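Note sheet for the following structure.
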Amino acid sequence: MATWRRDGRLTGGQRLLCAGVAGALSLSLTAPLELATVLAQVGARRGRARGPWAEGLRVWRAEGPRALWKGNAVACLRLFPCSAVQLAAYRKFVMLFTDDLGHISQWRSIMAGSLAGMVSTVVTYPTDLIKTRLTVQNLLEPSYRGIFHAFSTVYQQEGFLALYRGVSLTVLGALPFSAGSLLVYMNLERIWNGPRDRFSLRQNFANVCLAAAVTQTLSFPFDTVRRNMQAQSPCLPHRGGVDVHFSGAVDCFRQIVKAQGVLALWNGLTPNLLKIVPYFGVMFGTFEFCKRICLYQNGYTVSPLSYQLTPGVDQSLKPQELREFKKFFKTRQLKSKKPTL
């Protein structure tokens, strides 16, 4: 059994800000690998040198170094609404899955996280589609001048439902994602030869990377089909540059396998796996740094560069309670210093 807990010394806004800054920085640093992944999924220019480095070098030479970060702006912008929706949905699912004692099994916790991720992805799905369109377009001959122009163009030319093209793959991809998370969790003690409650920070970081690698590998075919459906459009040159043409999700699966083989469903997996360690490393490091700053501002620590606790401060108090306590204590001190007749 596991209990769902969070650091009550941070406000909801602070947690969201820390997660947003950490996510934006990690996305920006690994954006070239994300670009190589998407281009390999929707069409890696058959007949050219294959591999993430060759593809990135080709884009650099053809469109300039700025092209390596195509679509990263909208990816960063969608972090805050996506994180907010995911956090709210996760809390609702956890409350639904917890027992009367406030405990939740690891399987139900994984299911809550998967469902929350699925809900947030569906709600913010149009931004993901725009990200794919901006990523696959050629900056020398762009079809979209920016994020808002892409939104309005897709809506006017293809209709509102085009913004949700491929959203069904998000629901289907949640199943192997949950199965992979459970598979990793059930074997953690066997991998490290020790109990879960004694894992070090490095072991927990390795567990996150391992879980991400397994879950993304299992759900990658669904992501490949989703990217192809997002990129394809009759209104774009060469129908968006995709290698195969299809009429729906099932037909997309069939056409990819027919034209390129089953392994084509995992095109782009290598750069996707290569970005896992730097992505989560930067994310966790940035989140902890932002968290230290917030804890210092709230009065729980003596320095924004460490977790050294402030002497005499009750760490169980919430930020608002601690501020009220300090205000009350300061008022009492001022009253005691007033002169008496």
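The values are calculated or read from the model by the stated rules, or taken from the named source; none is laboratory data. From a predicted model like this one, the values you see are computed outputs, not experimental measurements. Neighbour counts run over all protein chains shown; Cβ positions are idealised from the backbone, glycine included. Quick note on the areas: whole protein, heavy atoms, side chains included, nothing else; ligands and nucleic acids left out. Shrake-Rupley method; radii C 1.70, N 1.55, O 1.52, S 1.80 Å.
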Would segment 278-292 turn up any residue that is in a helix (DSSP H, G or I), of a type in the set (A, V, I, L, M) and touching a residue at least 24 places away in the same chain (Cβ under 8 Å)? yes
Could you tell me whether Asp243 is touching a Leu at 6+ places or on another chain (Cβ under 9 Å) and of a type in the set (Asp, Glu)? no
Picking from Leu169, Leu263, which residue would you name as being in contact (Cβ under 8 Å) with a residue 60 or more places away in the chain, out of contact with any His (no Cβ under 7 Å at 6 or more places or on another chain) and either part of a helix (DSSP H, G or I) or of a type in the set (Ser, Thr, Tyr) (or both)? Leu169
Can you tell me which residue within segment 260-273, out of those that are of a type in the set (A, V, I, L, M, F, W, C) and over 30 Å from Cys18 (Cα atoms), is most open to solvent (accessible area, probe 1.4 Å)? Leu263
Determine which member of the set Ala88, Ala84 is crowded, with 17+ Cβ neighbours inside 10 Å, in a helix (DSSP H, G or I) and at pLDDT below 95. Ala84
Can you tell me which residues in segment 122-149 are surrounded by 15 or more Cβ atoms within 10 Å (Cβ to Cβ) and charged (D, E, K, R)? Asp128, Lys131, Arg133
Going by the structure shown, is Ile276 crowded, with 19+ Cβ neighbours inside 10 Å, under 30 Å from Thr170 (Cβ atoms) and β-branched (Val, Ile, Thr)? no
Considering segment 93-127 alone, what residues qualify as being farther than 30 Å from Ile147 by Cα and part of a helix (DSSP H, G or I)? Phe93, Val94, Met95, Leu96, Phe97, Gln106, Trp107, Arg108, Ser109, Ile110, Met111, Ala112
Of all residues making up segment 155-184, the number that are over 20 Å from Met118 (Cα atoms) and modelled with pLDDT under 85: 0
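Considering every residue within segment 51-63, establish whether at least one is hydrophobic (A, V, I, L, M, F, W, C), surrounded by 17 or more Cβ atoms within 10 Å (Cβ to Cβ) and either free of Cβ contacts under 8 Å to residues at least 24 places away in the same chain or part of a helix (DSSP H, G or I) (or both).
At the first step, the residues of segment 51-63 found to be hydrophobic (A, V, I, L, M, F, W, C) are 53-54, 57, 59-60, 62.
Those still in the list that are surrounded by 17 or more Cβ atoms within 10 Å (Cβ to Cβ) too: 59.
When the remaining residues are screened for being either free of Cβ contacts under 8 Å to residues at least 24 places away in the same chain or part of a helix (DSSP H, G or I) (or both), the result is 59.
Yes, there is a match, as at least one residue in segment 51-63 is hydrophobic (A, V, I, L, M, F, W, C), surrounded by 17 or more Cβ atoms within 10 Å (Cβ to Cβ) and either free of Cβ contacts under 8 Å to residues at least 24 places away in the same chain or part of a helix (DSSP H, G or I) (or both).
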Count, please, the residues in segment 186-230 that happen to be of a type outside the set (A, V, I, L, M, F, W, C) and crowded, with 17+ Cβ neighbours inside 10 Å. 11
Selection count where residues are within 29 Å of Leu115 (Cα to Cα) and surrounded by fewer than 20 Cβ atoms within 10 Å (Cβ to Cβ), scope segment 64-75: 1
Cβ pairs under 9 Å, 6+ apart or interchain, first in segment 234-253 and within 18 Å of Leu39 (Cβ to Cβ), second modelled with pLDDT of 85 or more and aromatic (Phe, Trp, Tyr), ordered by first then second residue, are Cys252/Phe246
